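Report on one structure; see the data block that follows.
Read-outs: derived from the displayed coordinates by stated rules, not from any lab. These numbers come from a predicted model, not from an experiment. All Cβ positions, even for glycine, are placed from backbone atoms using ideal geometry, and neighbour counts span all protein chains on display.
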Amino acid sequence: MIRLTDSAWSPYAAGIVIGLLQIPAFMLADTALGASSSFVTAAAWIASIFDPAAAQIDYFAKHMTSDKYYWQSALVIGIALGAYISARLGGVKRPSFAKAWSELTSVKSLGGRMIMGFVGGFILLMGARIAGGCTSGHGVSGMAQLAVGSTVAVIAMFAGGIVTALAFKRA
Amino acid sequence: MTTLMLVILGLAMGVVFGVALEKSRVLEPGVLVRQFQFTNFTMLKMFFAAVATGLVVLAVLNGLGLTALHPKAAVMGSTIVGGLLLGAGIVIAGACPGTALAQIGVGYKDAWATVAGGILGAMVYGYNIDAIEGLLKVGDFGKITFDQLLGMPYWLLALIVAVALTGVMVALEKWRPWRAEMAGLPGGDRLPPQREDTMPTGTAGQKA
């Protein structure tokens, strides 16, 4: 069986574990697995510090008051915690940014990577919110529900990713 | 469930999710970018396994009437434009919204910038939601699903698709064994010894 102290699991075993999370998601939280709504919750709280009118925007208000979004915000914090625990127990050490970046791009410094990450993160969440879900919500959960819209979203996601990756080195 | 219970549940589920993203290396930027270059298939392997498992789980739960499904609406304009941007963002950030948090957990410092950029992206979207929706809310087909289109019970089509995806995974594993694809990644120099139960099919994994 898989163990927490393993340095790695097969991607199939990891996928089965994630798929099984749909049981508590549907049965206890009454929603599907997702991650990108939590960014709206964070954005809404931060915006409302500087702009009291932000809480009047329905989209922000919904993400600040519904239990579903508290659950998802806790979920993404748990993801960070789980990855930390897993890397520690598995004894996997990593540098301050992935080695892959210097292989795939000409970005060599952490500063350069942070700018790229910020821009990428902005586009990522813009896209996820416009599409109404991300790799978890549309991908893992939407396709498991045989949703037509989610399947279109995943195809578009691959199209956008493939075209963008053309600009990167192949290594 | 009370809000506190939901937060504890979310945290616990997130820990499991984060462990799976780290153990499978799907949080690695190189794994995501190389999936879109079709030079590493670790992400698709995990994704297919997660979808196939979800299909079986939901076929049983929904088939027995224990839970309702929550499919998202198919609004073609926003789904396609948003999906294209999402894919571009995954490659530039080297992360999905969920894996960005996992990257923070394993100590990738640039992931903090990814999350900050993501929060700003969500904020700009929220402030401009009416304008963006007005522009892209075209081709709204509602919450349609393939089982409805085909006039089949959900559980039946879900099980058929799960079997088909398992076939795809068996073929993928024969073509690109997962251990070989993980060897060049962090911790790849000491992958766990081969055991019999690392593949859902039980056999193909041992050929790696």
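Which is the longest part of chain B that has none of the trypsin sites (Lys or Arg not before Pro) sitting in a DSSP loop with at most 14 other Cβ atoms within 10 Å? Between the exposed loop sites, the longest stretch runs B:1-136.
For region A:135-170 and region A:19-64, what is the centre-to-centre distance using only Cα atoms, to the nearest Å? Centre-to-centre (Cα) distance: 22 Å.
Listed by chain and number, the lysines whose C-alpha is less than 20 Å from the C-alpha of B:K174, apart from same-chain residues fewer than 8 away, are B:K45, B:K207.
For region B:1-73 versus region B:156-174, the spacing of their alpha-carbon centroids is 17 Å.
In a GNM of chain A with a 10 Å cut-off on Cα contacts, which of A:A35, A:A144, A:A83 has the highest mean-square fluctuation? Highest fluctuation among the options: A:A83. Modelled spin-label separation between A:W45 and A:R170, with each label point placed 7 Å from Cα along the Cα-to-Cβ direction: 4.5 nm. With an 8 Å cut-off on Cα pairs and a minimum separation of 6 or more residues, tell me the relative contact order of chain B in percent. The value is 27 percent.
For region A:33-95, the set of trypsin sites (Lys or Arg not before Pro) satisfying both a DSSP loop assignment and a count of at most 14 other C-beta atoms within 10 Å is given as A:K93. Of the complete DSSP H runs in chain A, those spanning 15 angstrom or more by Cα along the long axis with a mean Kyte-Doolittle score not below -1.0 are A:37-50, A:67-90, A:110-131, A:148-165. Along the axis of the charge dipole computed for chain B (Cβ charges of +1 for Lys and Arg, -1 for Asp and Glu, origin at the Cα centre), the listed residues B:N62, B:V91, B:G151 are led at the positive end by B:V91. Dipole orientation for region A:23-171: of the candidates A:T151, A:A100, A:L81, A:A100 has the Cα lying most toward the positive pole (charges on Cβ; Lys, Arg +1; Asp, Glu -1). Amide hydrogen proximity for B:T145: with H placed 1.01 Å from N in the peptide plane, the residues at 5 or more positions away or on another chain lying under 5 Å are A:V148.
Under the rule of -39500 (n - 2.57) per DSSP H run of 4 or more residues, summed and divided by the residues of the protein assembly as shown, what mean residue ellipticity at 222 nm is obtained, to the nearest 500 deg cm²/dmol?
-20500 deg cm²/dmol, from helical runs alone.
Remark: the protein assembly as shown carries a charge dipole of roughly 1080 debye about the Cα centre, counting +1 on each Lys and Arg Cβ and -1 on each Asp and Glu Cβ. Need the list of aspartates and glutamates near A:K99 for cross-linking: C-alpha distance under 13 angstrom, and skip anything on the same chain fewer than eight residues off. Here the aspartates and glutamates satisfying the reach criterion relative to A:K99 are B:E28, B:D110. Charge tally around B:V91: other residues with Cβ under 15 Å, Lys/Arg +1 each, Asp/Glu -1 each, net +1.
A straight Cα-to-Cα reach below 17 Å connects B:K137 with none of the aspartates and glutamates, residues fewer than 8 places away in its own chain not being considered. Near the amide H of B:D140, within less than 5 Å, lie the amide hydrogens of B:M76, all on another chain or at least 5 residues away, with H placed in the peptide plane. Net charge in the neighbourhood of A:G111 (other residues with Cβ under 12 Å of its Cβ; Lys, Arg +1, Asp, Glu -1) is +2.
Which three numbers, in whole Å and largest first, are the semi-axes of the equivalent ellipsoid of the protein assembly as shown derived from its Cα gyration tensor as √(5λ)?
Square roots of five times the eigenvalues give 29, 26, 20 Å.
Model label sites at B:F141 and A:A55, defined 7 Å from Cα along the beta-carbon direction, differ in position by 4.1 nm.
Between B:D130 and A:S66, the FRET efficiency estimated from the beta carbon spacing at R0 = 25 angstrom works out to 0.80. Mean sequence separation of contacting Cα pairs (under 8 Å, at least six apart), scaled by the length of region A:5-134, corresponds to a relative contact order of 31 percent.
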